[in-house]
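Right, one structure below, let's go through it.
Nothing in this text is a laboratory measurement; each read-out follows from the coordinates by a stated rule. Just so we're clear, the structure is a prediction, and the values are computed from it rather than from any experiment. Note that each Cβ is placed from the backbone with ideal geometry, even for glycine, and that neighbours are counted across all protein chains shown.
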Amino acid sequence: MRNGEITKVSGPLVVAKGMTGSKMYDVVRVSDERLVGEIVGLAGDLASIQVYEDTSGIGPGEPVYMTDEPLFVELGPGLIESIFDGIQRPLDIIKESTGDYITRGIEVPALARKKKWHFKPTVKAGAEVGPGDIIGEVQETKLVLHKILVPPGIKGKIKDIKEGDFLVTDVICTLADDKEKHDLTMMHRWPVRVPRDYKERLAPSLTLSTGQRVIDTFFPIAKGGTACCPGPFGSGKTVIQHQLAKWADAEIIVYIGCGERGNEMTDVLLEFPELKDPRSGEPLMKRTVLIANTSNMPVAAREASVYTGITIAEYFRDMGYSVAVMADSTSRWAEAMREISGRLEEMPGEEGYPAYLAARVSSFYERAGRVKTLGKPEREGALSVVGAVSPPGGDLSDPVVQATLRVVKVFWSLEDKLAYQRHFPAISWLNSYSLYIDDIADDVNKMTAKDFTELSREAMKLLEQEAELQEIVRLIGVDALSPEDRLILEGARSLREDFLHQNAFHEIDTYASLVKQYRMLSVCMFHYNKAREALKRGVAFDDIVKMDIRNKIARMRYLEESKLDTIDAIKDELTADFDRMIKGETENTEPETARDKVTEGHGGKK
Amino acid sequence: MIKEYSSISNVAGPLLLVEGVSGAKYEELVEIYTGTGDKKRGRVLEVDKDRALVQIFEGSTGIDVQNCRVRFLGKTLNIGVSDDMLGRVFDGLGRPKDNGPAIIPEAMLDVNGAPINPTARDYPNEFIQTGISSVDGINTLVRGQKLPIFSGSGLPHNRVAAQIVRQAKVLGKEEEFAVVFGAMGITFEEANFFIQDFTKSGALERVVLFLNLADDPAIERISTPRVAFTVAEYLAFTKGLHILVVLSDMTNYAEALREISAARKEIPGRRGYPGYLYTDLASIYERSGRIKGKKGSITLIPILSMPEDDKTHPIPDLTGYITEGQIILSRGLYRKKVSPPVDVQQSLSRLKDKGIGKGKTREDHADLFNQLIACYARGKEAAELAVILGEAALSDMDKIYLKFSQEYEERYISQGEYEDRTIEQTLDLGWELLRMVPRGEMKRVRDAYLKKYYDARPARKASITG
């Protein structure tokens, strides 16, 4: 193995000489501790190397070993239920070998080498196969049927393929083309910085339901879509990411904890095996891959972690699955870029971030999408990406937020003002947007009812009216409003409190199916429309506000998915109540003023 | 092999450039002998070919280019640890400061520590009763959490921290907390306040103090929290103690870091702080927590003063992104004589959800605090309206909420400095206050709890007077 020699060490950046022949983004091993590094700059025979491990105690004169390979991930059975660090080293295995703390220079293969998987071929000997073709299956977990694909760039006629229990490194199939013979294993490798090929990009048209009312009803994301949720600390970014990882209607979840808290990853590790997937009843962990590079782990590996995560996600997409990637938080990734860029003494762009920040961010999100994959049989896969952004002070003019907003199609704006009122999810309904609403309207309406999209528009209009009225109220007080306008405020408040607010820690409220969302929303709007009608027909505003049935509306969220019919029953009750009130009103012969007094009397009594 | 050089070529601020060095390592520990025979310590920040850039902990006073000698010790900054350190006072680098005997180390540990493997962590979920309602009831602290106090000059953050240290206990368990206190750039008076308080409560023999006071070398502060955590880790994970680490004041720490960054002519991030401030703070804060199979734990309470009470200033901002919540003290409340002036709306404990509820505090806790905050928020909105329009312009419901929020501040948030409320008292007080608001407004509470706690007045008297 060829090697160079270190001339400079500055934090995670090492410069070595005698590196002629190495290429950009080649992986190297630094010093005899064999720390993993990646070449990020070349000048003459000098190479700048970002090191993925702590560099204390390293100095000039020590060797740098070249591997002549870029940074790879291993793809094959064993990914699901694993927790990896930023460069795909399995943290649970590391713990067994080195204890509670992560030390340096650990070399462990990403996929367990000793575990046997039962491989079942789906093609026979003699078949012609090419890149991306499915040649067999492994039941990896109860939820995931791992399809074994012919690796990119390989094709030929199958000479031999066998069923049985194999290690990921065992040969399960041999191919031969005109020139050479290929031995296929269940595992192959892929460089993380190169997007995996597909046949064709498709436009997003299916909804990725998340069980979160404000998201699915007002700001939905499509399968294969991109979304971001910027917000200051304490606004609930991580809770939203966890909620999506738990309840999103995807077959595979890749959760990237990039530069965030260690305890959050522990939370996922402890909670996901306990939680049941609402569709299959199996533990959620059985469809999840975790990438953990916590804030105190080396900064350069944070930069790699998002690429490691998305490459694994692409691999599952290529099997024809719908995959969702959660990246929490992309700001830490950008900061890692900034730190390395600073040490390379590059000319900074905005806020010290490198000038290529926006290009890196957009090329990352562009790896999402719904595609027709390579290979036979024909299949579609989707890769959706949701990135959290943590702008300093919640300031949306932050370069990372701006670079992200330029590429993503869904924006969930998290506001601390809502969080202070404990309105969670603290997604602002006024500032957020989704550009997928029209694309997926057909799909959503098919799953719920014809008028779902229409209904959500109507509800949004009510919320916008409320915001306008609030400004007036702030100036002249609520008494100055007409009863109609006050009813708008009440209707919007009911939407906010009874529909938008959702408690992630309540066993039932944490997830609402699209059907439940539709029914709840339609009751809220039904109530508002009935009330407006009643008001027109003379019923007093105060009487409407005091209706007991509002209690039932407020408690719809706690109804189990199996008891949704009771929600519709509320409508009948509402109709009856309003009819009674309207009837009472028309029979009422008392003069206007006297009646007002009576209502006031009611108001005082409790 | 230890090498000595007298080839200093450049001194700038706390930094020293030594030339012609061979074999220097990144982060290596260095001793500097001045012409007058003083010994200073430093560490290598960067090595470039034969040049080593050294950061001097004690500052560069007395260093010259001609007579100084620099020794490279071939190891990184280590500290000898032992459980005899309890009850002792050290300087910011871990050298005894109380004229007591030297510590006989049971182990030598690298002060930089190593990251805890996320799979080895155990989730913090044991409720710590601090006896302060606004913490226990709303922003519950759990064992292994990192919960900073965001304060401003003139606010009683030290008193709040001292009260937490004094009263903190885990219910049903007898183990007491041992305290590791790291003082960075605070005044003698502030440090003395803590020492007096520890003495008064008899806790001093369970405290390890690291003092880097305002007149001590600023650069030494960079190491103080790391030294403190190294001792805390040893006591917690080797000796099985439950440790409460109090660091005050992180703002001074970050300023020392900025000083070095400026001397190195690095490209500054926001407000001149280095771009790696987040990573650097994380490497300190993240050392707290629990580890599976280990008896001890480290709970961290860093105190930081926000310049101009600005929460978006880089230090509180980045801290908030790393810690699991924050307790924010409010000047507005303090002026209203509400003490401790905890801003319950902006404060947050991220780990409370796993630390409260049945078997930990009480089944109704989660619903109750959600409802209390929601009501308080509405009351505060009403108060804002009342300022503009006058109280008379408020609707009946808003008036109720306004009254509620006032009572809430006076009776729930406000409490005596030596008043130790049990969690039961805190929760019952919450219900007592909620009964001011009509039942139909209790949208955040489950029916069963409303029946049990809102409707049925408990036999015992829940009200507490200071």
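Determine the relative contact order of chain B: mean sequence separation of Cα pairs under 8 Å and six or more apart, normalised by residue count, in whole percent.
16
Taking only C-alpha pairs under 8 Å that are 6+ residues apart, what is the relative contact order of region B:376-451 in percent?
Across region B:376-451, relative contact order equals 29 percent.
Under 20 °C and 1.002 mPa s, how fast does region A:333-417 diffuse according to Stokes-Einstein, given a Kirkwood radius computed over C-alpha pairs? Answer in µm²/s, whole number.
144
Could you give the angle, 0 to 90 degrees to the nearest 10, between helix A:452-476's Cα long axis and the longest principal axis of the Cα atoms of chain A?
Rounded to the nearest ten degrees, it is 70.
How many lysine pairs does region A:1-130 hold where the Cα atoms are under 30 Å apart and the two sit 8 or more places apart or on different chains?
8
Taking the Cα centre of region A:332-396 as the origin and placing charges on Cβ (Lys, Arg +1; Asp, Glu -1), which of A:LEU396, A:GLY381, A:LEU344 is farthest toward the positive end of the dipole?
Highest projection toward the positive end goes to A:GLY381.
Give me Rg over Rh for region A:367-510, both radii from the alpha carbons and Rh done the Kirkwood way, two decimal places.
Rg/Rh: 1.04.
Which loop GluC sites (Glu not before Pro) in region A:368-474, with loop taken from DSSP, have no more than 12 other Cβ atoms within 10 angstrom of their Cβ?
A:GLU378
Consider all pairwise Cα distances in region A:464-561 and report the whole-number % of them above 23 Å.
For region A:464-561, the share of Cα pairs beyond 23 Å comes to 33 percent.
Taking neighbour counts of Cβ atoms within 10 Å as a proxy for exposure, in what order, fewest first, do A:MET297, B:MET436 appear?
Lowest to highest Cβ neighbour count: B:MET436, A:MET297.
If one computes P(r) from the Cα atoms of region A:40-88, what percent of pairs lie at distances over 17 Å?
Across region A:40-88, Cα pairs with separations above 17 Å total 55 percent.
Normalised by the residues of region A:362-495, what does the relative contact order come to in percent, with Cα pairs under 8 Å and at least six apart?
It rounds to 13 percent for region A:362-495.
Which three lengths, in whole Å and largest first, does the protein assembly as shown cover when its Cα atoms are put on their principal axes?
Between the extreme Cα coordinates on each principal axis of the protein assembly as shown lie 105, 86, 50 Å.
I'm checking a number: the convex hull volume of the Cα atoms of chain B, normalised per residue, in Å³. What is it?
Dividing the Cα hull volume of chain B by its residue count gives 160 Å³.
Need the list of aspartates and glutamates near B:LYS200 for cross-linking: C-alpha distance under 15 angstrom, and skip anything on the same chain fewer than eight residues off.
B:GLU417
Send over the per residue convex hull volume for chain A, Cα only, as a whole number of Å³.
168
What are the aspartates and glutamates whose alpha-carbon lies under 17 Å from the alpha-carbon of A:LYS162, with same-chain residues fewer than 8 places away excluded?
Straight-line reach from A:LYS162, under 17 Å: A:GLU128, A:ASP133, A:GLU137, A:ASP170, A:ASP183.
Using only the Cα atoms of region A:106-223, each taken as one equal point scatterer with no solvent, compute I(q) by the Debye sum, divide by I(0), and report log10 of the ratio at q = 0.10, 0.14, 0.15, 0.20 Å⁻¹.
-0.45, -0.76, -0.83, -1.12
For region B:109-262, report the convex hull volume of the alpha-carbon atoms normalised per residue, in Å³, without decimals.
142
Work through the residues other than A:GLY126 whose Cβ is under 11 Å from its Cβ and net out their charges, Lys, Arg +1 and Asp, Glu -1.
My count for the surroundings of A:GLY126 gives +1.
What do you get for the angle between helix A:483-494 and the principal long axis of chain A? Use alpha-carbon atoms, 0 to 90 degrees, nearest ten.
The two axes meet at around 40 degrees.
Restrict the search to region A:35-125; then list the GluC sites (Glu not before Pro) that DSSP places in a loop and that have at most 10 other Cβ atoms within 10 Å of their Cβ.
Here the GluC sites (Glu not before Pro) that fit, given the DSSP loop and packing criteria, are A:GLU107.
Work out the P(r) tail for region B:331-446: percent of alpha carbon pairs separated by more than 20 Å, whole number.
Across region B:331-446, Cα pairs with separations above 20 Å total 46 percent.
Specify the inter-centroid distance of region A:32-47 and region A:422-453, based on alpha-carbon positions, in whole Å.
A separation of 48 Å, based on Cα centres.
Counting other Cβ atoms within 10 Å, keep those with at most 16, restrict to DSSP loop, and tell me which chymotrypsin sites (Phe, Trp or Tyr not before Pro) in region A:468-574 are left.
A:PHE505
Considering only the other residues whose Cβ falls under 11 Å of the Cβ of B:THR323, what net charge follows from Lys and Arg at +1 and Asp and Glu at -1?
+1
Return the subset of B:LYS336/B:LYS380; A:LYS417/A:LYS446; B:LYS146/B:LYS380; A:LYS147/A:LYS223 for which the Cα-Cα distance in this structure is over 26 Å, preserving the input order.
A:LYS417/A:LYS446; B:LYS146/B:LYS380
Note down the Stokes-Einstein diffusion coefficient of region A:36-166 in µm²/s, whole number, using a Kirkwood radius over alpha carbon pairs, 10 °C, and 1.306 mPa s.
Answer from the Stokes-Einstein relation: 87 µm²/s.
Compute the signed sum of charges (Lys and Arg +1, Asp and Glu -1) over the other residues within less than 12 Å, Cβ to Cβ, of A:MET319.
Charge balance in the 12 Å sphere: -3.
Cα axis of helix A:330-343 to longest principal axis of chain A: angle in degrees, 0 to 90, nearest 10?
40
Most exposed first by the Cβ proxy, i.e. fewest other Cβ within 10 Å, how do A:SER295, A:SER413 rank?
With the fewest neighbours first, A:SER295, A:SER413 line up as A:SER413, A:SER295.
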